[in-house]
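A quick write-up on the structure given underneath.
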Amino acid sequence: MRAIVFDMGGVLLPLEVRRCMDSFRRILGPRFDRLGLGSDGEGESVMAEYEGGKISTDEFVGRILSWCLPGTTSDDVRRAWTDMLTAVPAERMEFIKKLRAEGYRVFLLSNTNELHWDNVIRNTPDFPGCFEHTFLSHLEKLSKPDARFFRRVTEYIGVPSSDIIFVDDLAANRVGAEKCGWSTCESVEALASILKR
């Protein structure tokens, strides 16, 4: 194994989904269901467009703001959206640095968006520097589990796909990577166990 590719949210970065949802309930009121989280509703479509780089931050915020209770501001929407994020734990960053010191090439591959990425950097400024390169869906204009995203990363890394292991907590993303010849696991702990063998 020569290259390790990490997902961000749920793997390296703990997510406070409940806190985020509570914030959206406060500003959306009875229209909270419009987000459609987990049900491929209108909100999921807007979020997918945003993570895929198809709409700007202002467009994303504006569309959600149009569903909100009177008096809600764009700053309220931005705060609710970033309420799911925390700082990257120091032990995760130390783990990545240790892998690089051991000779592994380490990359980040994340379905994310401008607001979330800016918030991560604000909370943990040294995080991007842990990686040889970061592949972010909103900049690449591709999202996991699209095979084109995995092929693009493989081409950039420049090693056989069989030499890449991908750490992602979502089964659909792991399946997509495996179809492109990558090995996968679901957590940092699982990766550590594999590397010990």
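The values are calculated or read from the model by the stated rules, or taken from the named source; none is laboratory data. These figures come from a predicted structure and were not determined experimentally. Cβ atoms come from the backbone with ideal geometry, glycine included; neighbour counts cover every protein chain shown.
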Filter pass, V175 being in contact with a Phe, Trp or Tyr (Cβ under 7 Å, 6 or more places away or on another chain), touching a residue at least 24 places away in the same chain (Cβ under 8 Å) and within 25 Å of V17 (Cβ to Cβ): no
Residues (farther than 17 Å from Y104 by Cβ and without any contact (Cβ under 8 Å) to a residue 40 or more places away in the chain) located in the range 156-172: A171, A172
Evaluation of V159 against (1) closer than 20 Å to K179 by Cα; (2) within 15 Å of the chain's Cα centre (by Cα) (one fails), failing number: (2)
Members of the range 72-84 that are under 15 Å from the mean Cα position of the chain (by Cα) and part of a helix (DSSP H, G or I): W81, T82
Criterion: at pLDDT 95 or above and at positive phi - qualifying residue of G158, G176: G158
Wholly within the range 85-197, helices (runs of 4 or more DSSP H) carrying at least 2 residues that are crowded, with 17+ Cβ neighbours inside 10 Å and among the small types (G, A, S): 171-179
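For (1) of a type in the set (A, V, I, L, M, F, W, C); (2) within 22 Å of the chain's Cα centre (by Cα); (3) at pLDDT below 95, each residue gets a yes or a no:
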position	(1), (2), (3)
R34	no, no, yes
S39	no, yes, yes
E49	no, yes, yes
P70	no, no, no
P89	no, yes, no
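Would you confirm whether or not the range 58-65 contains a residue that is out of contact with any Pro (no Cβ under 8 Å at 6 or more places or on another chain) and part of a loop (DSSP other than H, G, I, E, B)? If you could, list the steps in order and put the result at the bottom.
The initial filter retains those residues of the range 58-65 that are out of contact with any Pro (no Cβ under 8 Å at 6 or more places or on another chain), namely 58-65.
Remaining after also requiring part of a loop (DSSP other than H, G, I, E, B): none.
No, the range 58-65 contains no residue that is out of contact with any Pro (no Cβ under 8 Å at 6 or more places or on another chain) and part of a loop (DSSP other than H, G, I, E, B).
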